[in-house]
1. Apply the a/c threshold of 1.5 to the C-alpha gyration tensor of the chain and tell me whether it is rounded, prolate or oblate.
2. Enter the accessible area of F458 (Å², nearest 10), with the probe set to 1.4 Å and all protein chains included.
3. Just reorder M305, M377 by solvent-accessible area, largest first, 1.4 Å probe, all chains present.
4. So how do 165-177, 443-455 stack up, highest first, on mean other-Cβ count within 10 Å?
5. Amide H to amide H under 5 Å from S114: which residues, 5+ apart in sequence or cross-chain, H placed 1.01 Å off N in plane?
6. Which order do peptides 644-651, 20-27, 50-57 fall in by mean Cβ count within 10 Å, highest first?
7. Please give the calculated 222 nm ellipticity per residue for the chain, where each DSSP H segment of at least 4 residues contributes -39500 (n - 2.57) and the sum is spread over every residue; nearest 500 deg cm²/dmol?
8. Counting Lys +1, Arg +1, Asp -1, Glu -1, what net charge surrounds L463 among other residues with beta carbon under 15 Å of its beta carbon?
Amino acid sequence: MSYAKVLGATNRQDGYLEGNGYLVSWCVGHLVELAPPNIYDAKYVKWSIADLPILPERWQYLVSASTKKQFGILQKLMDRPDVDSIVCATDAGREGELIFRLVYQQAGCKKPFSRLWLSSMEENAIREGFAHLKPSTEYDALYNAALCRERADWMVGINASRLFSCLYGQPLAVGRVMTPVLAMTVVREAAIAAFVPEKFYTVDLELTSGCTASSRRIPEKSVAENLLEACRREMVATIQRITRKEKSENPPPLYDLTTLQRDANRLLGYSAQQTLDYVQSLYEKKLTTYPRTDSCYITDDDEEMLEVLTEELEGFFDITPEDVDEAVPRTRRTVNREKVTDHHAILPTRSMLQADLEALPKGEQNVLKLIIARTLMAVSKPFRYLETLLTTECAGEKFTAKGKEILEEGWKAVERKVLADILNRKQELTALPNAAENECGILNAELKEGQTTPPKHFTEDLLLHAMETASADSMPEGVERQGIGTPATRAATIEKLVQKGFLERKGTKKTKVLLPTDKGKALITVMPEEIQSPEMTADWETKLLQIERGEMEPSEFMTEINTMITELVKNTEMKKGANALMKSKIIGVCPNCGKPVVEREKGWFCENRECRFVLWKDNAFFKRLGKRLDAHVADKLLRDGRVRLKDCKSAKGKTYNATVLLSCEAD
């Protein structure tokens, strides 16, 4: 809409805006997608190892069923006789280039087009961009890299999923991003299971100077007990030195999507998908800027806008900014044009200040509050404090005590004020008293026991961070994105792993961990290293960057992928004993034929392929009652033939209790 406003195309039509000699329209994500295997050959409807590998020679595309209408609008606009040229103004990145080019190709358009390459949505930047449009040919190599990425992902996903599903007789989804993410959780749980805690001991001395000093960690209890006795005999500690050091913590950067998702999970317990849904809704309500960004910065074009926005937010929250160095604008640390790819960091909009925020759903209110707080924190002063380290000696052993004293709250004052209800925590800092003497008396000495702790289970916060940093060391400078997945797809990857039964969420409402299921562990057990390692993504990104720079031919990259897939199909065999690992969970006996009923992705099925008995998870009958058919209900139905349900809802909204009976029809 920002483009249309600057160009004067303000006359709203169905799916586009028109005016001042311009037509402005849009894509809704990917309008054109790679065709499924059965479009190439009807035999691919049935999955069979004999038909692998599937390696298309001429790639085919289809218009996405959900966006057919918008594609039709774009095609008609491109065909209009009064349109003599087109401007590609999609996101300034690899995926943005791909989205436009596929629509252009699928629409059969031959008209010339140029490229608007912008990261800022400020009016001056848009005018400047349209005044200096780039030739489309400058971005041909970028388009080729995007095609290679899309097609290689299709080949890995289609071939590996079919290969392992056929080998192990059940649907197993495999993907370049999804499988390494699952592997991370399996490796983490294996490390936790293998962890053996080790006890350690410390001796704590309560000193007359008013603080407690601790010894190093001592592995042997007897050594620690001897030290304790020696200290109790001496009852005096010699002060060796007191060091005071002024330290500071710079404000955190503005939010990109992944960091926002991590904070919302850590502070509020929201899943990555929930946070994406909330911030997408805020964006559609014009309360925040574009959410699917991987940048924590703005461009210099946006700096003035951020300064005005900051002043208005401070007024809104009654925050008085402390004196700042006028020579260096406080917004300067948020500016880095080199680190803004498709979109700048997530910010609240100025129109948010006029909105009725109380009318927003609670989840959206909380996420908006996080974004506002981060915006104000990013332009605040550093948090400054004085750290004191007291080193003493007693019985030939060193004891230390640390203290911290706030000098200037800086950005933490903003965090405390804006997020008071979310953080719900008190600041506890211990300032060490001044010790003028060379010696301190010991008021008390005691032995403390502790033990080493295993690695933490993955929460969504920790898993998102692992995805963001996976194989970062192996990726070259200049790649469009580090890690595996993109900000737009990481949440969907986690949700897909949960939906497919490879991961499960466990824990309290606010703190849930992501654990691999037996099925997830089994899949990683049989998966070749090259598929489960994020190193494949690092290798791809290196080569895609070479394609973007014209240093590698796209055909060379695709030949390598073809070879890899062919070798995978040729050399992969069923692992011995894997069938036991892959065995589906039996939850009961089929009331129709007496065979076991097992849980699969979409429901509970009879193992007898001739029998048609199934309890669907997405069950229309239970939906009508305002209930869902879960494992507990399915188990009860199969065991007792009935289940008692409380608080069912009628069509008129009334609640009632009901008993649901299980019966089998003749067929």
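1. Values: a/c = 1.78, a/b = 1.23, b/c = 1.45.
Oblate, because a/c is 1.5 or more while a/b does not exceed b/c.
2. 10
3. Details: M305 40, M377 10 Å².
The most accessible residue leads, giving M305, M377.
4. Numbers: 165-177: 18.5, 443-455: 12.7.
Listed from highest to lowest mean packing, they are 165-177, 443-455.
5. I86, V87, C88
6. Values: 644-651: 11.5, 20-27: 16.4, 50-57: 14.1.
Ranked by mean Cβ neighbours within 10 Å, highest first: 20-27, 50-57, 644-651.
7. On the way: 23 runs with 257 residues, N = 667.
Here the helix-only value at 222 nm equals -11500 deg cm²/dmol.
8. Working: positive: R188, R262, R266, K456, R490, K496, R505, K506, K512; negative: E189, D263, E460, D461, E468, E495, E504.
Once all neighbours under 15 Å are counted, the net charge is +2.
The values are calculated or read from the model by the stated rules, or taken from the named source; none is laboratory data. Predicted, not measured: the structure shown is a model, and the values here were computed from it. A quick note on method: Cβ atoms are made from the backbone with ideal geometry, for glycine too, and the neighbour counts reach across all protein chains shown. Accessible surface is based on the protein model in full, side chains and every heavy atom, while ligands, DNA and RNA are left aside. Shrake-Rupley method; radii C 1.70, N 1.55, O 1.52, S 1.80 Å.
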